[in-house]
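Report on the following structure.
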Amino acid sequence: MADPMRIRITLQGEVADVKVLIFHPMETGLRKDPVSGEIVPLHFIKHVIATHNGKAVIDAQWSQAVSRNPFLNFRVRGAKAGDKIGISWQDNLGESASIESTVG
Amino acid sequence: MNAIRRKILSTLLGAGAVMLAPLRAMASRWNQPAFDARSVDDALKYIGASSVADSDRIVLKAPEIAENGAIVPIEVSSRIPGTQTIFILAEKNPQPLAASFDLLEGSEPFIATRIKMAETANLKVVVKAGDKFYTVTREVKVTIGGCGG
Amino acid sequence: MVTAMLWVGGVLASPEQDRLEIIAFFGNRFGDLPLDRYVLGSMMVNPDARAQYDSIMEFPPFQADVDRGRTLWETPFRNGHHFADCFPDRGRNVAGSYPYYDTSLGRVVTFEMALNRCRRQNGEQEFTYEDRSTMGVLTAYARTLSDGMRMDIRVDTPGALKKYEAGKALYFRRIGQMNLACASCHIAHAGHYFRDEIISPTLGQATHFPVFRAGEYLYTLQMRYQRCMEAVRAVPFPAGSEELNDLEYFHSYLSNGLPLRASVYRK
């Protein structure tokens with residue numbers, strides 16, 4: 001996968017609205033693979049942390065009930081152009097990814 | 001309105017390493033009993049909500065009839081002062097607790113995401129604020145379409 | 001009754017007459033809606049569904065698939081040429097002109113056939129029309145280059161008219177164990193409920209493909225025809241077959257003037 005996630009930040013006054021799309025199968029462990037007929041194993045993001053200039057602002061715990069290719073929208077106060085917004089996630093298989101973006 | 005389009009993939013060295021460290025520390029805190037709970041009551045118990053009060057200060061946007069139960073857009077905004085955490089539960093999911101969001105200092109009490117709902121059920125949003133728990137509940141219908149694939 | 005409307009006294013109505021009759025028919029059914037609204041299908045009369053669509057389309061979960069299509073589109077062939085070389089204006093605002101009738105070939109050519117023709121002419125193997133990972137994602141991206149273009153199908157030769165009429169005949173033919181025609185649902189019962197679904201009108205349908213059902217499963221227009229055929233318990237024609245090409249030709253003509261938008265969410 002070229003990019004594990006996409007991020008869009010819009011600044012309205014001092015509030016940064018952050019929208020993130022993470023590419024992840026978020027398998028419930030209940031679905032059968034249509035070709036093999038085998039159950040696709042549980043594979044989902046458990047933790048998501050969002051940071052503002054390195055400081056955690058959102059600390060999320062997810063279950064497999066969050067939709068595939070999950071979407072997250074949150075808002076950061078006291079933001080200004082040049083600030084860094086970071087998103088990190090870790091899943092139940094120990095895989096992880098991070099992205100950092102600058103408020104424009 | 002300013003918008004950014006630029007994004008940088010962090011590597012394991014640099015920004016990535018800084019952010020993965022807190023993730024590892026938090027790994028032990030994933031609330032297993034709450035996420036494993038098979039009833040709303042049990043899930044509430046395990047998130048520490050011994051009593052939950054209905055509140056009209058939680059603004060919940062959710063569909064009346066979900067077009068597809070696999071991807072139900074939800075938006076929560078809490079007007080309760082001291083909001084610490086937003087919990088999202090779908091009553092008839094095998095495990096009702098879908099997600100929890102700790103809103104740390106610097107964030108607004110606002111979250112939007114998309115969840116899976118197994119069937120028509122009460123969508124229950126619980127807000128922890130000032131160490132008390134508040135809730136709003138709304139039924140979301142989930143159907144299997146006539147022409148659905 | 002609907003079919004009688006479009007067959008005028010034994011003489012076949014012209015495509016423009018068909019299109020205008022259908023617009024008038026739906027105008028009666030749905031009231032005074034701007035024509036452009038029809039591209040939303042049943043969502044045009046379902047604000048709850050429309051709100052979900054708008055929310056999901058703000059940041060679509062299938063974006064990675066469209067991006068894979070972009071990679072396919074932009075990667076040069078072994079001979080150094082690109083897909084963009086095969087189309088006017090690097091492939092921008094072309095999809096609304098497809099399908100068209102190729103007089104020398106004597107057949108209807110769809111946009112996906114043109115993509116394959118480009119591959120063939122540049123020494124590459126053609127893609128399978130039903131294969132999501134190749135033709136699916138390729139057209140999912142390539143069609144977005146025509147977003148906003150208004151459908152502009154031409155039927156202006158006797159040969160073209162014959163194919164248009166063949167497509168129209170299939171549209172109105174009852175098929176399958178359930179003995180239903182496309183028209184049975186998408187004209188006669190458009191706007192009515194089928195279980196919990198509001199049936200979409202045929203007007204506007206051809207403008208918004210491929211779709212990603214549940215935000216995930218890619219269907220080109222012909223793949224969707226196949227699902228409908230299966231739903232009425234008919235054996236589907238292959239994608240890229242003359243039958244489905246002719247059907248797409250007729251079906252697209254009906255949406256002339258409406259704006260295209262590719263790679264959208266559907267339930």
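Structure values in brief
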| quantity | calculated |
| --- | --- |
| Of the criteria (1) out of contact with any helix residue (DSSP H, G or I) (no Cβ under 7 Å at 6 or more places or on another chain); (2) buried (at least 24 other Cβ atoms within 10 Å of the Cβ); (3) under 25 Å from B:PRO33 (Cβ atoms), which one A:GLN61 fails | (2) |
| Residues being of a type in the set (D, E, K, R) and touching an Asp or Glu at 6+ places or on another chain (Cβ under 6 Å) - total across region C:125-165 | 1 |
| Criterion (of a type in the set (D, E, K, R), within 24 Å of C:ARG50 (Cβ to Cβ) and modelled with pLDDT of 95 or more) met by exactly one of C:ARG195, C:ARG227 | C:ARG227 |
| Search result, residues across region C:19-28 that are buried (at least 16 other Cβ atoms within 10 Å of the Cβ) and closer than 22 Å to C:GLU197 by Cβ | C:ILE22, C:PHE25, C:PHE26 |
| Residues satisfying the stated conditions in region B:31-79, i.e. assigned to a strand (DSSP E or B), within 10 Å of another protein chain (Cβ to nearest Cβ) and buried (at least 21 other Cβ atoms within 10 Å of the Cβ) | B:ALA66, B:VAL72, B:PRO73, B:ILE74 |
| Test: residue in region C:123-130 that is surrounded by fewer than 20 Cβ atoms within 10 Å (Cβ to Cβ), in contact with a Phe, Trp or Tyr (Cβ under 7 Å, 6 or more places away or on another chain) and outside the structural domain of C:MET229 (by TED's automatic domain parsing) | yes |
| Test for C:ARG117: is it within 28 Å of C:GLU165 (Cα to Cα), touching a residue at least 24 places away in the same chain (Cβ under 8 Å) and charged (D, E, K, R) | yes |
| Tally, over region A:14-51, of residues that are within 14 Å of chain C (Cβ to nearest Cβ) and in a strand (DSSP E or B) | 8 |
| Subset of region B:80-132 (residues that are more than 9 Å from chain A (Cβ to nearest Cβ), within 23 Å of C:GLY215 (Cα to Cα), of a type in the set (Ser, Thr, Tyr) and in contact with a Pro (Cβ under 7 Å, 6 or more places away or on another chain)) | none |
| Within region A:63-85, tally of residues that are within 14 Å of chain C (Cβ to nearest Cβ) and either in contact with a Gly (Cβ under 6 Å, 6 or more places away or on another chain) or assigned to a strand (DSSP E or B) (or both) | 5 |
| Test: residue in region B:90-107 that is in the same structural domain as B:ILE47 (by TED's automatic domain parsing), buried (at least 21 other Cβ atoms within 10 Å of the Cβ), in a strand (DSSP E or B) and among the charged types (D, E, K, R) | no |
| Matching residues, region A:86-100, being touching a residue at least 40 places away in the same chain (Cβ under 8 Å) and either surrounded by fewer than 23 Cβ atoms within 10 Å (Cβ to Cβ) or touching a Pro at 6+ places or on another chain (Cβ under 6 Å) (or both) | A:GLN90, A:ASP91, A:ASN92, A:LEU93, A:ALA97 |
| Evaluation of A:LYS55 against (1) in contact with a strand residue (DSSP E or B) (Cβ under 9 Å, 6 or more places away or on another chain); (2) facing another protein chain (nearest Cβ under 7 Å); (3) under 28 Å from B:GLN32 (Cα atoms) (one fails), failing number | (1) |
| Top-ranked residue in region C:45-68 [being among the hydrophobic types (A, V, I, L, M, F, W, C) and without any contact (Cβ under 8 Å) to a residue 40 or more places away in the chain; ranked as nearest to C:ILE198 (Cα to Cα)] | C:ALA51 |
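The values are calculated or read from the model by the stated rules, or taken from the named source; none is laboratory data. Computed from a predicted model, the values in this text were never measured in an experiment. We place every Cβ from the backbone using ideal geometry, glycine too, and count neighbours over all the protein chains shown.
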